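Everything on this sheet refers to the single structure shown next.
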Amino acid sequence: MSSIAAAPSAAGAEESSVSGNAMPDSLRAQSTAAMSQTLSPLRTASRMGTSIRRPPSSRPATSMSMRSNTRPATAASATTSLPPTGICAVIETRGIGREVGIAVMDQETGRVTLCQLADTQTYIKTIQHLSLTGVSVLLAPGNAQSTAPGSALLGQQFSQASPSNVSVLLQCIEEAFGVAPTYIHRRHWNEKEGAAFIQRFVVTEPPATEPNADTSSTDADSSIDLPSSNKHSITPGAVSGRVTGSAALVAVSSKYYALSAACALFRYLESVGDARFRKSSLCVEYRSPEGVLFIGTETAKSLELLENNLNKKSKQCLFGLMNFCATAMAERLLRMNLLQPLTDRNTIESRHDAVEEMVHSEERFAEISQSLKPLAQHKIDSDKLINQVCMAERTELRNPAQTETKITNVLALRTFVRSLRPAKHALDGCSSGLLRAVRMFLDSDELDEIAEAIESCINNDMLEGKVKMGKSGLAARNTKLYAVKSNRSALLDVARETYKENIKDIYDLATELGETHQLPIILKYAATGFVLELKTEHVPNQRDLPRTFINVVKGRSKTYTMSTLELKKRNQKMLDSMNEVLLLSNQAIEDLRQDITERVGALFKASEAIAILDMLASFAHLVTVQNCVRPELTNTLAVSNGRHPILARFPTQKLVSNDIYASEGKSFTLINGPNMSGKSTYLQQIALLVIMASVGCFVPADYASFPTYDAILTCECRSDNLAQQLSSFAAEMRATSFILSAATPRSLVLIDELGRATSTSEGFGFSFAVAEHLLSSGCGGCTTFWATHLTELNVVLAKHYNFCSKTFQVDVGKRGEEVSMDFRHRIVEGSGEHHHLGLQLARLAGVPKNVCDTAEKLAAELRESEERQRAKSKATAVIQRRKIILKLDALLRQTLESSRLPARDLRRFLVRLQDQATDDLYETYSGGAAEPADKDEPMSAAAESS
């Protein structure tokens with residue numbers, strides 16, 4: 001922490017300006033001109049809160065992008081169509097290691113995220129982390145190219161660098177996001193200066209309150225210790241899934257590369273010259289890669305977590321299924337959780353407890369939903385709002401439009417603060433530890449002080465319903481002009497009276513014109529002032545209008561829009577008085593914003609609390625529309641009558657439920673079945689149910705038990721990757737290589753028909769080698785579900801005790817020469833009784849009969865030859881006996897860990913296990929061990945005891 005404590009003297013200033021005092025004027029002009037396209041959207045984001053769209057670039061082809069004329073989809077678009085909003089600084093180790101430091105500022109919310117992680121040779125973890133916000137600006141060390149400038153802060157653009165000198169990290173990020181890097185000299189990547197920047201700008205946390213004797217808080221890490229009835233504690237990670245505030249300072253103190261990236265990020269903001277932050281006004285967070293379930297960008301796309309692959313606007317994706325959120329903060333939190341689910345068991349269970357309490361207490365759920373309605377009606381995004389309110393003001397840039405925007409933000413903040421009290425009352429008396437933690441964040445003295453400061457400054461008589469965010473209108477404009485209470489400034493009161501008189505003069509003029517010309521003239525307010533309207537039915541011919549009226553425009557709604565010289569003069573007087581009122585209101589608004597900034601830590605916590613509360617309410621809403629069950633967190637994956645969550649919510653045909661099971665004694669499941677039987681859908685169902693349980697939601701099933709996985713690794717390459725010039729087999733190899741290098745005993749691996757893009761012999765050999773590695777200690781026995789058409793794998797892998805095979809049931813019928821197939825879409829034990837189902841599909845597709853007959857004859861001969869050789873092997877029986885004993889051992893361990901059966905029922909269950917094991921062993925000695933002994937196995941002791 002010594003480096004963080006060494007903040008520069010500027011940190012003691014009342015507000016810190018990021019204006020580039022460290023650079024000479026000539027270099028500042030050079031850097032500002034180079035980043036002119038980036039400067040404009042950054043200004044807009046900091047002032048108006050609009051979303052940032054990546055500026056167009058005419059970058060040349062790199063060594064990787066030259067392979068194809070088609071630019072690949074960005075990583076952001078691989079998971080969501082939202083425009084990227086992140087200014088990202090990345091730096092990696094100079095040695096053989098792949099430690100990467102990342103600092104990202106979200107231009108919409110002003111939130112700064114730091115991360116340091118160890119990555120693979122393809123930097124997939126770095127890309128996955130950056131995809132949370134997307135990349136609009138990419139910053140890299142200047143020595144990433146051999147010709148980096150020696151003095152300027154912003155070096156040459158990527159178009160001036162030789163592709164051979166660009167690091168692999170930058171090539172991977174550019175290929176994923178389509179953004180050319182901006183180089184910053186190495187001396188600006190300084191960990192001590194980065195720590196000083198964070199120390200200066202990180203928000204000061206308010207002291208926690210104690211609503212009751214059972215809840216306590218410590219300032220060290222802002223954790224909330226629950227009473228003894230709930231043994232686990234809830235940290236800020238339970239509320240936001242990340243470490244913020246003073247805890248972030250402690251977490252990042254030893255992260256050299258993350259601090260270096262933070263220094264470069266803030267130096268870049270200095271160079272563009274318009275970003276200005278008050279002291280202790282930014283929410284800085286540290287995200288540890290160890291605390292989340294890793295899901296790659298390609299995996300997120302194939303699982304349709306955030307978007308439907310066929311229709312980007314469709315809600316038929318996991319996010320569309322679970323999103324009943326009322327606020328934008330909750331939607332953002334839900335997106336982040338789906339891309340990075342939690343792995344901490346206590347945190348997940350605390351969310352399950354909260355959802356369960358909402359489901360069982362309809363009255364509390366209704367009160368929570370009602371308290372969030374004002375935020376939904378006014379479209380309040382508190383994260384963006386807090387950033388805009390706390391942004392410091394440049395004195396030379398003051399103008400009435402800025403003051404109007406600040407008043408709008410303050411009025412919106414008043415709506416947000418007023419909604420906190422009903423939300424807090426809705427949580428009175430709740431038993432869930434997480435809901436009590438949320439209530440504690442909302443029950444803050446500093447929030448009350450902010451509310452009092454707003455009420456003392458803002459006119460309470462103005463109706464909030466007249467504030468129309470982002471729209472013009474006289475009512476909305478008057479709300480802002482009269483927002484500051486009267487009697488605070490004599491000049492302001494006089495200016496308002498002048499404005500009122502000018503408005504009256506305009507109305508008098510409109511009345512006079514109507515009486516003079518005997519026309520029913522209507523006075524309308526537009527963005528540039530008042531205009532006159534007249535229906536065309538009163539004067540059909542525009543030439544017949546009196547010459548007093550000028551700027552006549554005939555509209556589509558059969559009306560004339562026009563003005564007069566006198567009206568223009570009075571409009572100008574009205575606008576001048578309006579601007580005077582806004583400028584005189586500015587001082588009161590600035591004083592209020594300063595008071596709010598001093599307590600902004602309470603607002604950040606309240607915003608996170610509302611976000612998690614809204615997201616949990618969305619989970620509870622999902623339970624009401626779908627038949628869901630609370631999942632258990634154990635060491636066994638067991639789902640009884642599980643349903644595909646997306647298909648269950650948006651059914652197109654009758655849905656078939658299926659069981660899922662995996663344990664230490666059965667960690668590798670080979671799934672057989674013909675095309676269209678449901679193998680790929682089953683694999684997707686497994687992943688989606690695991691993700692739903694990991695984010696704290698209930699799952700559509702009769703019973704569910706999940707381990708806490710550290711990664712979901714998939715291999716589903718069904719077509720060539722033209723953008724990266726990869727064939728489908730090459731794409732399979734790349735995905736498989738990452739799986740074999742990243743899989744751990746706590747990983748979930750899903751493989752869909754590996755090896756189909758090459759010859760049968762090569763595909764079988766490669767699949768067998770990969771399966772052997774996953775089954776052996778090479779990956780520690782990770783949980784694997786493998787869909788395949790290579791039925792020979794059922795035989796060669798049967799020797800492994802943790803291997804089992806399943807198949808999707810298909811009924812084949814023949815009536816004369818006609819063949820029919822009934823896909824049951826239900827998974828059953830064993831490798832399947834029907835063979836050559838692919839040939840049956842060929843018959844249904846209209847392939848000539850003689851071709852199908854010849855193919856079926858040859859396939860039958862080959863299979864008979866294989867079965868004769870297999871029957872001669874005496875090792876098969878020995879393998880089956882070992883599997884039976886190991887299976888019995890695994891079931892007994894599960895019973896010991898999770899059974900809740902009474903003593904009498906438990907004895908019956910154990911006797912049944914004993915009888916089944918005895919019968920299976922007897923079959924191996926009587927010559928009936930040709931197939932694996934997995935038939936009619938109970939799902940798990942935990943499932944049966946439930």
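The values are calculated or read from the model by the stated rules, or taken from the named source; none is laboratory data. The shown structure was predicted, so the numbers you read here are calculated from the model rather than taken from an experiment. Virtual Cβ from ideal backbone geometry, glycine too; neighbours counted across all protein chains shown.
Screening segment 487-530 for residues that are part of a helix (DSSP H, G or I) and within 47 Å of the chain's Cα centre (by Cα) and picking the one that is farthest from Thr561 (Cα to Cα) gives Leu492. For segment 898-913, the set of residues classified as touching a helix residue (DSSP H, G or I) at 6+ places or on another chain (Cβ under 8 Å) and loosely packed, with under 12 Cβ neighbours inside 10 Å consists of Arg900 only. Looking at segment 555-576, can you tell me whether even one residue there is over 49 Å from the mean Cα position of the chain (by Cα) and part of a loop (DSSP other than H, G, I, E, B)? Within segment 555-576, one or more residues are over 49 Å from the mean Cα position of the chain (by Cα) and part of a loop (DSSP other than H, G, I, E, B). Within segment 691-710, the residues that satisfy the criterion of being of a type in the set (A, V, I, L, M, F, W, C) and over 16 Å from the mean Cα position of the chain (by Cα) are Phe698, Val699, Ala701, Ala704, Phe706.
Here are the criteria: (1) within 21 Å of Arg630 (Cα to Cα); (2) free of Cβ contacts under 8 Å to residues at least 12 places away in the same chain. Tell me which single one Lys313 does not satisfy. With (1) within 21 Å of Arg630 (Cα to Cα); (2) free of Cβ contacts under 8 Å to residues at least 12 places away in the same chain applied to Lys313, the lone miss is (1).
Here's a check for you: in segment 582-640, which residue that is assigned to a helix (DSSP H, G or I) and hydroxyl-bearing (Ser, Thr, Tyr) is modelled with the highest pLDDT?
Ser618
Residue count for segment 624-646 satisfying the condition of being surrounded by fewer than 19 Cβ atoms within 10 Å (Cβ to Cβ) and over 19 Å from Leu896 (Cα atoms): 7.
Evaluating Lys568 against the criteria (1) over 26 Å from Pro520 (Cα atoms); (2) surrounded by fewer than 23 Cβ atoms within 10 Å (Cβ to Cβ) leaves one unmet condition, (1).
Out of Phe604, Phe619, one residue alone is in contact (Cβ under 8 Å) with a residue 60 or more places away in the chain, more than 30 Å from Ile454 (Cβ to Cβ) and among the aromatic types (Phe, Trp, Tyr). It is Phe619.
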